[in-house]
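Just below is one structure, and these are the notes that go with it.
Taken together, the values in this text are just the output of simple stated rules run on the coordinates, not laboratory data. Only a predicted model underlies this, so the values are computations on that prediction, with no experimental measurement involved. Don't worry about glycine lacking a Cβ; one is built from the backbone with ideal geometry, like all the others, and counts go over all protein chains shown.
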Amino acid sequence: MVNDESRITLDCRMFSQRGEAHDYLAEKLNLPEYYGRNLDALYDCLSGVKGEIVFLHADEIDGGYAKKILRVFEDAKEQYHGLAVTYEDEQS
């Protein structure tokens with residue numbers, strides 16, 4: 001199991017640059033050192049993530065790599081039943 005926290009919050013603004021995005025995800029999700037830092041490796045590692053992933057600022061992303069990352073999480077939640085994905089606006 002990569003991470004057994006019940007709730008992990010991720011800021012989508014960190015997803016625009018490929019390298020920065022994978023460094024951020026590796027840290028926040030406590031991914032293993034062998035994590036390949038690409039979308040296929042992310043999908044594979046999500047099989048060990050249990051609980052809820054909460055995305056902040058998803059409405060602020062303009063597409064590109066950030067949208068691809070979100071798609072990986074959406075695909076993974078369909079395959080891995082221990083993974084939930086939700087979206088929140090950080091502002092009240």
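What number of residues in the stretch 63-77 are more than 9 Å from the chain's Cα centre (by Cα) and more than 11 Å from residue 46 (Cβ to Cβ)?
7
Test of understanding: among 26, 84, 76, which residue is touching a residue at least 12 places away in the same chain (Cβ under 8 Å) and surrounded by 17 or more Cβ atoms within 10 Å (Cβ to Cβ)? Walk me through it before giving the result.
On the way: 26 fails: touching a residue at least 12 places away in the same chain (Cβ under 8 Å); 84 fails: surrounded by 17 or more Cβ atoms within 10 Å (Cβ to Cβ).
It is 76.
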